[in-house]
Amino acid sequence: MKYQSVKGFRDILGVSAETFSFVEKTARAIFRKYNFDEIRIPTVELSDLFLRTIGETTDIVEKEMYVFEDKGKRKIALRPEGTAGVVRAYIENNLSQKYPSQKFFYIGQMFRQERPQSGRFREFSQIGCEYFGNLSVYADIEIILLAKDILESSGIKDVKIEINNLGCEKCRPLLQKNISEIITKLNFDNLCDDCKRRFSKNPFRVLDCKIDGEKFKGFTPKLCNECSSEFEELKNGLKNANLNFTVSNKLVRGLDYYTKTVFEITSDVLGSQSAVCAGGRYDNLVKDLGGATTAAVGFAIGVDRLVEILEKTVRSPKSEAKSPFVFVCATENDDCKKMAFHILSEIRNSGIIADGGYFEKSLKSQMRLADALGTKYAVIIGDEEIKNKKIILRDMKVQQQKEIGLDGAIEEIKKCFNRNS
Ligand code: HAM
């Protein structure tokens, strides 16, 4: 039987894998700049945690979670996102007391059993962060700037930022009433099944419903005075930071924990799944999960989508291809192999990228491989070289070679490396 990867899961190979690493490295450096600390949370949580946080009537919880029972009959879920786990860890480890910094970032795999399509995978990677304990709208501005900084530092230029304000507990009843009035006019029975179910838990979801959303076109939510003025402050702050953005009443997000600010960053380079980053404020979640009342705001970048944009725009596979600087070959003799392998290690220990050790191949095949890998120099060890305590160093481009004494070989290779770098 020939095995294939599971539907919706994929292998990430070669230059793509390198681009993932590059993006992760870039994000780590930017998070440091904003004084965020890394947090590593488990890949699985009790499924109930996601029901309580993301919401029972959301697509993620209703249809997309990988849930299973472990041997202790616990209902476990592969994490579909990072926020719930970070909030759980924040409360469980009493992080509000342990660290002066309340800013955490994470990088890891998430799992959602969605219908696979371009840009939508069942296992995908997120770079996310959660910022606790700051009610100020400047925390929201910082978070949006941080997301943009990571995207831009990775090489992405043209993204669109959409923002919205979903209101606080005070605005909710009024917003709910406004939406109810429209629904009464439209006749509740005419709504799709999803809207009927979701309306009581999260009335906003009807606004972005693919079937019924159009019916609410032109609906402008009325916020309480505090949320209204905070929203103005957010918009002014983003303008002062020279960030272009648009306000979208339709941006309601598919997770129930949000309050006030929500945002999404999209790219036209992506297909229908155009969101490369999304986030917002969730001031009730820590308390809802049993912690103290704690303001919180965060985002998650979809790394698979970010890499897709880079691959389609700036980081072409060719420009990123990496070759070893040295390739070490040996003839069949055991002493030659031993010596060659020792030299290969020495070269690597001196910090130079090196390959070799394919000693089951003929010398000709080894040289062919060195060439195919785009190696700059080949080191060749044969019987003669062992006898004379020398190595052959071959410049693969100009196809010239010289003999060097074994003692000074590594120094000579280092000199070649410094000249080339
Ligand atoms: P989300 O909108 O569900 O938010 O996901 C964030 C990003 O993850 C999306 O914008 C997208 O780039 C990527 N993403 C989501 N699903 C998939 C998928 N099936 N395949 C590929 N990429 C995907 C959250 O997860 C929130 N936890 C964000 C947050 C953090 N809010 C506050 N803090």
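Ordered from largest to smallest accessible area (heavy atoms of protein chains, 1.4 Å probe), the residues Ser421, Ser274, Ser267 come out as Ser421, Ser274, Ser267. Within straight-line reach of Lys2, meaning a Cα separation under 13 Å, there are no aspartates and glutamates at least 8 residues removed in sequence or on another chain.
For the chain, what does the accessible surface come to per residue with a 1.4 Å probe? Please give it in Å². Can you show the working numbers first?
Numbers: 21790 Å² over 421 residues.
Heavy-atom SASA per residue in the chain reads 52 Å².
With contacts taken as Cα pairs under 8 Å at a separation of at least 6 residues, the range 300-421 carries a relative contact order of 24 percent.
Taking the chain as a Gaussian network of alpha-carbon nodes connected by springs under 10 Å, the highest mean-square fluctuation of the residues Pro324, Pro80, Pro203 belongs to Pro324. For Lys25, the accessible surface of its heavy atoms amounts to roughly 150 Å² (probe 1.4 Å, protein chains only, rounded to the nearest 10). Apply the a/c threshold of 1.5 to the C-alpha gyration tensor of the range 57-148 and tell me whether it is rounded, prolate or oblate. Oblate, since a/c reaches 1.5 and b/c is not below a/b.
Just to be sure I understand the rule: take each whole DSSP H helix in the chain, project its Cα atoms onto its long axis, keep it if the span is 20 Å or more and its mean Kyte-Doolittle hydropathy is at least 0.0. Which ones pass? Display every interim value, and only then the final one.
Values: long enough: 14-33 (29 Å, -0.02); 137-153 (24 Å, 1.01); 171-186 (23 Å, 0.09); 225-240 (22 Å, -1.34); 334-349 (23 Å, -0.53).
Answer set is 137-153, 171-186.
The relative contact order of the chain comes to 15 percent, based on Cα pairs under 8 Å that sit 6 or more residues apart. Bridging of Lys402 to lysines at a Cα separation below 17 Å is possible for Lys376, Lys387, Lys389, Lys390, Lys414, Lys415, once same-chain residues fewer than 8 apart are set aside. When both the range 399-421 and the range 226-259 are represented by their alpha-carbon centers, they are found 59 Å apart. The range 1-28 and the range 36-96 have Cα centres separated by 23 Å.
Within the same chain, aspartates and glutamates fewer than 8 places from Lys201 are excluded, and of the rest, those with a Cα less than 16 Å from its Cα are Glu56, Asp59, Glu62, Glu169, Asp193, Asp256, Asp288.
Accessible area per residue (1.4 Å probe, heavy atoms of protein chains only) ranks Leu369, Leu255 as Leu369, Leu255, with the largest value leading.
The spread of Cα positions in the range 320-420, taken along each principal axis and listed from longest to shortest, comes to 38, 27, 25 Å. Accessible surface of the range 172-217, 1.4 Å probe: 53 percent of it comes from carbon and sulfur atoms.
Cross-link pairs exceeding 29 Å in C-alpha to C-alpha distance, out of Lys196/Lys217; Lys25/Lys287; Lys25/Lys397; Lys63/Lys217; Lys25/Lys322, comprise Lys25/Lys287; Lys25/Lys397. Remark: the Cα gyration tensor places the range 172-217 in the rounded category, a/c being less than 1.5. Of the solvent-accessible surface of the range 260-412, computed with a 1.4 Å probe and all protein chains present, 48% belongs to carbon and sulfur.
For the range 49-156, what % of the accessible area comes from carbon and sulfur atoms, probe 1.4 Å? Kindly include the intermediate steps, with their values, before the conclusion.
Values: 2130 of 4540 Å².
The computed percentage sits at 47.
Just check the chain against the gyration tensor rule for me: Cα atoms, a ≥ b ≥ c as the square roots of the eigenvalues, rounded for a/c under 1.5, and otherwise prolate or oblate depending on whether a/b exceeds b/c.
prolate
In the range 174-234, Cα pairs under 8 Å separated by at least six residues give a relative contact order of 33 percent.
The values are calculated or read from the model by the stated rules, or taken from the named source; none is laboratory data. As the structure is a computational prediction, the values presented were derived from the model and not from experiment. Ligands, DNA and RNA are excluded from the accessible area calculation, which covers all protein heavy atoms including side chains. Shrake-Rupley method; radii C 1.70, N 1.55, O 1.52, S 1.80 Å.
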